[in-house]
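What follows is a single structure, written as structure tokens, with notes after it.
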Amino acid sequence: MIANHVEYEGEEYDFAFVRDVSERKRAETALRESEARLRTAIESIPFDLFLIDVGGRYVLQNSASREHWGDVSGKRPAEVTDDQALLAHWHSNNARALAGEIVGEDVCLGVGDAQRHIHNVIAPIRDGDAICGIVGVHIDITERKRVEAELQRYREHLEDVVRERTTALARSNADLRQAMEHLVQTEKLAALGHLVAGVAHELNTPLGNARLVAGTLGELLREFAVTVESGSVRRSQVTTFLARGREAVELLERNAERAADLIAQFKEVAVDQSSARRRSFDLRQTADEVLTTLRPVLKGLRHQIEVDVPGGLELDSYPGPLEQVLVNLVGNSLAHGFAGIEAGRIELKGQTLDAQLVRLTYSDNGVGILAENLTRIFDPFFTTRLGQGGSGLGLYIVYNVVTGVLGGSIKVDSAPGDGTLFTLTLPRTAPERLSPATR
């Protein structure tokens, strides 16, 4: 209310005006409350915040900013720091923000223990289309940078560890490969030793027969020579001599041919077994040659081996390793599959899958394999006859030869009491083998 005293035409009057300021008071109160909330919000921000007017003076800062920079209100950047490089950088950022650009960067301030990493954001404050100042925010990322540096050090350490482990693994693989090749060579020599013994045994029969027939024929010739020298040769004696001589010659030819065949097979298989040389060969013929080498092992046993491989199935591969695989599979059946079985049966079947692949199945009707052992039979040194002559390397070498030298695959199916089935899938043309230097 406004009171006043006036004189009018000789008369004095008192009057008052009443103005309602309630709305203004409410507005002022609301403004103060809004300013208080804004101030509280600004003060509660956990990182540095400040406002700069278009003249370059700091007009507002929060407590976090004052803690790090002191009270800079009303000051210009040149009054805050005397670091000319830093000052030039600030002026550049402020100029960019006043030009309407939002500036964001990571910077490092201070040295030693006082060093801080901050993410700096400078943005223009707009009043309509005009820029009336800039707002700056410093977010402390020192801990994040520390963690990143620690992670980087850990990553570099991990890379060093991985390199060391990789190198060690490569050495171990090389040692394992060398050991495997040594084992394969040892098995080849062992198989070759069995082959020599088997062929020697088989040669005894035709050579013994040839020697006996040669002795008989020699005695016959001496008797006939005495008769001729006496001058009393009769027709019947000549006929008998010719008939018995003809029989002796036929026996000699058959036994000599049998011995020659055995020697030829021995030479072929021996070269294959010892050198793993590559050549084209007939799969059925190779299977028959393996049976020949195994005949002395099977002699005296009632086990039977049946071969159902079509003739003319040509492979360009390594017959020696393939023969070794078959010998090891038969040995596995004799040692494990037919334990407690007097008359077992082994079946070897071959078939063409397509122009590139053949399938060779080997099965026996033995005792089978326990489920818990089925996944381990190709592991090195795994055997169910530990201490009874089993080395645990036979099927391990089979797996490595099939998947390595022959370039194929092998799988096994078995159940206790149902025998065992090995399925070999082999390329008709084996992959090229790398030399040790190339490997």
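The values are calculated or read from the model by the stated rules, or taken from the named source; none is laboratory data. Model, not experiment: these values are computed from the prediction. Virtual Cβ from ideal backbone geometry, glycine too; neighbours counted across all protein chains shown.
Report whether or not Leu334 is part of a helix (DSSP H, G or I), without any contact (Cβ under 8 Å) to a residue 60 or more places away in the chain and in contact with a helix residue (DSSP H, G or I) (Cβ under 6 Å, 6 or more places away or on another chain). No; evaluated as a whole, the condition is false for this residue.
So, Val135, is that one within 19 Å of Ile45 (Cα to Cα), assigned by TED's automatic domain parsing to the domain that holds Asn93 and surrounded by fewer than 16 Cβ atoms within 10 Å (Cβ to Cβ) or not? Taking the combined requirement at face value, the residue satisfies it. Residues of the stretch 146-162 include none that is surrounded by 10 or more Cβ atoms within 10 Å (Cβ to Cβ), within 30 Å of Leu60 (Cα to Cα) and either out of contact with any helix residue (DSSP H, G or I) (no Cβ under 7 Å at 6 or more places or on another chain) or of a type in the set (S, T, N, Q) (or both). Looking only at the stretch 126-149, residues that are at negative phi and in a strand (DSSP E or B) come to 12 in all. What are the residues in the stretch 347-379 that are within 19 Å of Gln324 (Cβ to Cβ) and of a type in the set (A, V, I, L, M, F, W, C), if any? Answer for the stretch 347-379, where residues must be within 19 Å of Gln324 (Cβ to Cβ) and of a type in the set (A, V, I, L, M, F, W, C): Leu348, Val358, Leu360, Ile377, Phe378. No other residue among Ala270, Ala264, Ala259 is over 24 Å from Gln351 (Cα atoms), modelled with pLDDT of 75 or more and not assigned by TED's automatic domain parsing to the domain that holds Tyr362 apart from Ala259.
Scanning the stretch 401-439 for residues that are touching a helix residue (DSSP H, G or I) at 6+ places or on another chain (Cβ under 6 Å) and at pLDDT below 90 returns Val401, Val405. Among the residues of the stretch 206-252, count how many are under 30 Å from Ile263 (Cβ atoms) and either under 60 Å from the mean Cα position of the chain (by Cα) or hydroxyl-bearing (Ser, Thr, Tyr) (or both). Here the count works out to 6. Tell me yes or no: at least one residue of the stretch 311-322 is in contact with an Asp or Glu (Cβ under 6 Å, 6 or more places away or on another chain), part of a helix (DSSP H, G or I) and touching a residue at least 40 places away in the same chain (Cβ under 8 Å). Yes, there is a match, as at least one residue in the stretch 311-322 is in contact with an Asp or Glu (Cβ under 6 Å, 6 or more places away or on another chain), part of a helix (DSSP H, G or I) and touching a residue at least 40 places away in the same chain (Cβ under 8 Å). Considering only residues in the stretch 275-314 that are more than 37 Å from the chain's Cα centre (by Cα) and among the basic types (Lys, Arg), the one that is surrounded by the most Cβ atoms within 10 Å (Cβ to Cβ) turns out to be Arg295. Every condition in (1) within 18 Å of Arg428 (Cβ to Cβ); (2) touching a Gly at 6+ places or on another chain (Cβ under 6 Å); (3) not hydroxyl-bearing (Ser, Thr, Tyr) is met by Lys349 except one, and the failing one is (2).
The residue that is nearest to the chain's Cα centre (by Cα), among those in the stretch 97-125 that are on the phi > 0 side of the Ramachandran plot and surrounded by 10 or more Cβ atoms within 10 Å (Cβ to Cβ), is Gly110.
The set of residues from the stretch 325-339 being surrounded by fewer than 23 Cβ atoms within 10 Å (Cβ to Cβ) and farther than 17 Å from Pro296 by Cα comprises His336, Phe338, Ala339.
Taking first residues from the stretch 82-103 that are within 18 Å of Gly55 (Cβ to Cβ) and without any contact (Cβ under 8 Å) to a residue 40 or more places away in the chain and partners that are hydrophobic (A, V, I, L, M, F, W, C) and part of a helix (DSSP H, G or I), the Cβ contacts under 9 Å between residues at least 6 apart in sequence or on separate chains come to Leu87/Ala78; His91/Ala78. Listed conditions (1) within 15 Å of Val107 (Cβ to Cβ); (2) without any contact (Cβ under 8 Å) to a residue 24 or more places away in the chain; (3) buried (at least 17 other Cβ atoms within 10 Å of the Cβ) are all met by Ala64, apart from (1).
Filtering the stretch 224-249 to residues that are among the β-branched types (Val, Ile, Thr) and either within 17 Å of Leu212 (Cα to Cα) or loosely packed, with under 10 Cβ neighbours inside 10 Å (or both) leaves Val226, Val249.
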